[in-house]
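Got a structure here, written out as structure tokens. Questions coming.
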Amino acid sequence: MSALDGNRKNLDGNRKNFVDGNISTLIEKAIVASPFGNLVGLTCESIAEDRVRVRLPFRAQVTTIGDMVHGGAIAALVDVAATAAAWATPAATLQARGSTVGFSLSFLAPGRARDLVADARIVQRGKSLCVCEVEVTDGAGTSVARSTVTYRLALPPGESERQVLVRAYAEAKSRQDASAALALCADDFSIETIPFGTASHGRDDTARQLALFFSVFPDYRAETEGMAESGESVSWWGRVSMTFAGGFLGIEPTGRTASLPGFSVFDLRKGQLVRERFYFDLAMLCEQIGVPVEKLSGALSKIRS
């Protein structure tokens, strides 16, 4: 096989990964369905290389006068669609970081009482900057707005790709977005929560355990303070906080919040997380949420068995 054939094979593999894998999941779940995107109701219509379509459903909350869609809502639709299109490339990785540099927006007609769809298309890509053209139309095909957006897509300075992957995972868990977190993980990914004495086995089992954890601590959050790496492992340390707001195996929630130091060791393989070992002080957690250590340990023993 020639070098050219090999490059083409690699490119085809990257394109398949883009269509079927993590980047499309990131676009749909973390960019379009971000907390703000969910607030205004944005949905992803389609994802293709360098092109994404995003819908803004019509509802009273996005209007300004009568049935006229607010210009700010249209601008938000444009920005989200352009961001998604910038990430829609086989060259993108989950370790990348991006931000809108600027855009110009022209309103051509009022959007009235109809869903609006932004069709965002990348027209030029540079090393870190890309230019996107966006057209917003209504359900009747009327052109409501046009925009040109400049977007920067690059790795953050000072962090390796492995560290950025760990940070993205921690941020997804802090949003209680298990799907986005597990999109960064291998199929055999496992979490070992050392103080609990529990371990998951594979992504499906991990998803179930995370769902249980988030039902008990629905506002879990991890603040990154530092990271270091050795070989294929990354050590993370920071502060975790959580409110005991959901019942757990017969233990009634106290509504009290704990904030304590946390430490994790992540193992990676081929650009994916394969294991997390999570450490914290169980006694400190129990004291702050108002549950005796013995009582929580007894409940955890039922899970382990």
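Given the conditions (1) touching a strand residue (DSSP E or B) at 6+ places or on another chain (Cβ under 8 Å); (2) modelled with pLDDT under 95; (3) part of a loop (DSSP other than H, G, I, E, B), report the number of the one that ILE65 does not fulfil.
Among (1) touching a strand residue (DSSP E or B) at 6+ places or on another chain (Cβ under 8 Å); (2) modelled with pLDDT under 95; (3) part of a loop (DSSP other than H, G, I, E, B), ILE65 violates only (1).
Contact list please: Cβ distance under 6 Å, first residue in segment 51-79 and farther than 15 Å from GLU133 by Cβ, second residue in a strand (DSSP E or B) and of a type in the set (Asp, Glu), pairs at least six apart or on different chains.
Short answer, once both residue conditions are applied: ARG55/GLU45.
Shifting gears a bit: How many residues, within segment 196-234, are touching an Asp or Glu at 6+ places or on another chain (Cβ under 7 Å) and either surrounded by 13 or more Cβ atoms within 10 Å (Cβ to Cβ) or β-branched (Val, Ile, Thr) (or both)?
4
Would you confirm whether any residue within segment 72-85 is part of a strand (DSSP E or B), within 23 Å of the chain's Cα centre (by Cα) and modelled with pLDDT of 90 or more?
For segment 72-85, residues part of a strand (DSSP E or B), within 23 Å of the chain's Cα centre (by Cα) and modelled with pLDDT of 90 or more: absent.
Among the numbered criteria (1) in contact (Cβ under 8 Å) with a residue 40 or more places away in the chain; (2) in contact with a Phe, Trp or Tyr (Cβ under 7 Å, 6 or more places away or on another chain); (3) basic (Lys, Arg), which single criterion is violated by ARG203?
With (1) in contact (Cβ under 8 Å) with a residue 40 or more places away in the chain; (2) in contact with a Phe, Trp or Tyr (Cβ under 7 Å, 6 or more places away or on another chain); (3) basic (Lys, Arg) applied to ARG203, the lone miss is (1).
Keeping to segment 254-305, report how many residues are aliphatic (A, V, I, L, M), in contact (Cβ under 8 Å) with a residue 60 or more places away in the chain and assigned to a strand (DSSP E or B).
Number satisfying all stated conditions: 3.
Determine, yes or no, whether TYR220 is of a type in the set (Phe, Trp, Tyr) and within 30 Å of PHE280 (Cα to Cα).
yes
All but one of (1) within 16 Å of ALA145 (Cα to Cα); (2) part of a helix (DSSP H, G or I); (3) small (Gly, Ala, Ser) hold for ALA118, so report the exception by its number.
(2) is the only condition that ALA118 fails.
May I pose another question? Quick one: in segment 238-253, of everything that is within 11 Å of VAL291 (Cβ to Cβ) and in a loop (DSSP other than H, G, I, E, B), which residue is farthest from the chain's Cα centre (by Cα)?
Looking at residues that are within 11 Å of VAL291 (Cβ to Cβ) and in a loop (DSSP other than H, G, I, E, B), I get GLU252.
Could I ask something else about it? Only one of GLY98, GLY139, GLY126 is free of Cβ contacts under 8 Å to residues at least 12 places away in the same chain and not hydroxyl-bearing (Ser, Thr, Tyr); which?
GLY126
With the requirement that a residue be of a type in the set (A, V, I, L, M, F, W, C), more than 23 Å from ILE65 (Cα to Cα) and modelled with pLDDT of 95 or more, what does segment 104-131 give you?
ALA120
While we're here: From the list ASP177, ASP188, ASP138, pick out the single residue that is assigned by TED's automatic domain parsing to the domain that holds TRP236 and either surrounded by fewer than 17 Cβ atoms within 10 Å (Cβ to Cβ) or over 20 Å from the mean Cα position of the chain (by Cα) (or both).
ASP188
Quick grid of which residues meet (1) out of contact with any helix residue (DSSP H, G or I) (no Cβ under 7 Å at 6 or more places or on another chain); (2) among the hydroxyl-bearing types (Ser, Thr, Tyr); (3) at negative phi; (4) surrounded by 19 or more Cβ atoms within 10 Å (Cβ to Cβ):
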position: VAL80; (1), (2), (3), (4): no, no, yes, yes
position: ALA85; (1), (2), (3), (4): yes, no, yes, yes
position: LEU116; (1), (2), (3), (4): no, no, yes, yes
position: GLY126; (1), (2), (3), (4): yes, no, yes, no
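Checking the conditions here, which among PHE278, PHE266 is buried (at least 16 other Cβ atoms within 10 Å of the Cβ) and over 30 Å from ALA91 (Cβ atoms)?
Being buried (at least 16 other Cβ atoms within 10 Å of the Cβ) and over 30 Å from ALA91 (Cβ atoms) holds for just one of PHE278, PHE266, which is PHE278.
To continue, here is another question. Could you identify the single residue in PHE280, PHE266 that is within 19 Å of PHE189 (Cα to Cα) and of a type in the set (A, V, I, L, M, F, W, C)?
Sole residue among the options that is within 19 Å of PHE189 (Cα to Cα) and of a type in the set (A, V, I, L, M, F, W, C): PHE266.
The values are calculated or read from the model by the stated rules, or taken from the named source; none is laboratory data. For clarity, every value in this text was computed on a predicted model and none was experimentally measured. No Cβ is skipped: glycine too gets one built from the backbone with ideal geometry, and neighbour counts run over all protein chains shown.
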